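Just below is one structure, and these are the notes that go with it.
Bear in mind that the values in this text are calculations on the coordinates, not laboratory data. Worth saying up front: this structure is predicted, and the values here are computed from it rather than measured. Heads up, the Cβs are rebuilt from the backbone with ideal geometry, glycines too, and the neighbour counts pull from every protein chain shown.
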């Protein structure tokens, strides 16, 4: 059979690798001029390739995780380890079960895929765009690629989501499916920066300042109850907040904004020093309030907090009023910042939503309405938080889709 895979990201490459056998000729078309462009960007170039949690935990964590049950039963984390080990690349586990290549380079991961594609003689055609396809009696009978008609027995779409449109994930394939009455869940940004019009952002005095392991508590202005709380890294940007902490909370923040619930964050800048202990240190100090705080917090943050609370930085700790101390404790342990917007989808790392899972079989990832078309990767309405979950989804759904196609016989 002639098999076409649309998209040369990790899902598409994995699908092609697992679809080929002596009876199948597999071709990948890729809109870019090279393989795995988004893959090379992941994990700041280190490539958080998967998460080592057991299947039952993954299913609970992932959005629409139950759909992944059969897929993970066939292609679990052991499959991921073996896939790379077969090409001499070991994976190492870091905090929160995150898996990285031992080289700490995403290029090493891509090299493994290249080795498999070359070994299996899988054809990759670059700068190739699927313009459209013709549908008759529930099957794709022909496709227009770069303006020319081509014919394939089975097709696998692995063209990604809508984030990073500059590297090919522009939603064109999604629109072709929607035009053929395939149900679609609206897309939204996941793992996206948070934007704020608060004074702390507009002043830009903290621009570029990064923090390790701060506590972020998410609230809605309509309730005093904490909606979510995490500890992670944070960066102040020219528009608001980024870094893993902000990105992890962005999906929940987005949904709160959609519900007009006015989300805000309370930031605790000192997780490992209790307020009572800091108060004791200040009470026993023989320095200025500024110099005491410099020992625990970045200077720019200390100067900003003293300034907005009208506290003279040179004031001796013994001379700081109880009221001003309380203001400082509030700023250090519960600094509030209103979130007005989540960055648009094109700036997000992951696409929420996608092709409705009702439209395809969890036994094969083949569409019910188009029986020679499979889908995998970020096109599906499945995603996870930061931590290797989304690359794991891409790889195992690609392998699952490809393996099913390998069992098919030409009509």
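Subtracting the Cα-Cα distance of residue 281 and residue 322 from their residue separation scaled by 0.36 nm leaves 13.3 nm.
Would you kindly state how much longer the chain becomes between residue 362 and residue 175 on full extension, computed as 0.36 nm times their sequence separation minus their alpha carbon distance, in nm to one decimal? Working shown, then result.
Details: separation 187, 0.36 × 187 = 67.32 nm, distance 2.24 nm.
In short, 65.1 nm is gained.
Counting only alpha carbon atoms, the long axis of helix 244-258 and the longest principal axis of the chain meet at about 80°.
Between the stretch 1-26 and the stretch 362-408, the alpha-carbon centres lie 13 Å apart. Between helix 322-333 and the chain there is an angle of about 10 degrees, using the helix long axis and the longest principal axis of the Cα atoms.
Sorting 268, 376 on the 10 Å Cβ count, fewest up front, what's the list?
On the way: 268 16, 376 32.
In order of increasing Cβ crowding within 10 Å: 268, 376.
Between residue 146 and residue 231, the simple spin-label model (points 7 angstrom out along Cα→Cβ) gives 5.4 nm. Which one, (1) 187; (2) 159; (3) 147, gives volume of the Cα convex hull per residue in Å³ as derived from the coordinates shown? Computed from these coordinates, volume of the Cα convex hull per residue in Å³ corresponds to label (3).
Can you give the convex hull volume of the alpha carbon atoms of the stretch 369-411 per residue, in Å³?
Numbers: hull volume 2.5 nm³, N = 43.
About 58 Å³ per residue, rounded to a whole number.
Rg/Rh for the stretch 41-104 (Cα atoms only, Rh after Kirkwood) is 0.99. Using Cα atoms only, what is the angle between the long axis of helix 299-308 and the major principal axis of the chain, expressed in degrees (0 to 90) to the nearest 10? Relative to the chain, helix 299-308 is tipped by roughly 60 degrees.
What is the mean projected area of the alpha carbon convex hull for the stretch 28-73, to one decimal in square nanometres? Before the final figure, lay out each step's value.
Values: hull surface 19.7 nm².
Average projection, Cα convex hull of the stretch 28-73: 4.9 nm².
Potential lengthening of the chain between residue 131 and residue 185 amounts to 17.2 nm, from the contour at 0.36 nm per residue minus the alpha-carbon distance. Determine the shape class of the stretch 194-342: with a ≥ b ≥ c the square roots of the Cα gyration tensor eigenvalues, call it rounded for a/c under 1.5, and otherwise prolate if a/b is greater than b/c, oblate otherwise. It is prolate, given that a/c is not under 1.5 and a/b is the larger ratio.
Only DSSP H runs of four or more residues enter the estimate; each adds -39500 (n - 2.57), and after division by the residues of the chain the mean residue ellipticity at 222 nm equals -9500 deg cm²/dmol. Once the gyration tensor of the Cα atoms in the stretch 250-337 is diagonalised, the equivalent ellipsoid follows with semi-axes of 30, 13, 11 Å, ordered largest first.
Shape analysis of the stretch 107-173 places it in the oblate category; the axes a ≥ b ≥ c from the Cα gyration tensor give an a/c of at least 1.5, with a/b not above b/c.
Just to be sure I follow: if Rg is taken over the C-alpha atoms of the stretch 128-217 and Rh is the Kirkwood radius over the same atoms, what is Rg/Rh? Let's see the in-between values first.
Values: Rg = 21.1 Å, Rh = 17.3 Å.
Here Rg/Rh amounts to 1.22.
For the stretch 1-109, rounded, prolate or oblate, judged on the Cα gyration tensor with a ≥ b ≥ c (square roots of eigenvalues), a/c < 1.5 rounded, else prolate if a/b > b/c?
Numbers: a/c = 1.73, a/b = 1.25, b/c = 1.38.
Judged from the Cα gyration tensor, the stretch 1-109 comes out oblate (a/c at least 1.5, b/c at or above a/b).
Applying a 10 Å radius around every beta-carbon, put 341-354, 287-300, 46-59 in order of their mean neighbour count, most first. All intermediate terms of the calculation are to be shown ahead of the outcome.
Values: 341-354: 21.5, 287-300: 16.8, 46-59: 19.6.
Taking the mean over residues of other Cβ atoms within 10 Å, the ranking is 341-354, 46-59, 287-300.
Averaging the Cα positions of each part gives two centres, and for the stretch 250-289 and the stretch 117-158 these lie 53 Å apart.
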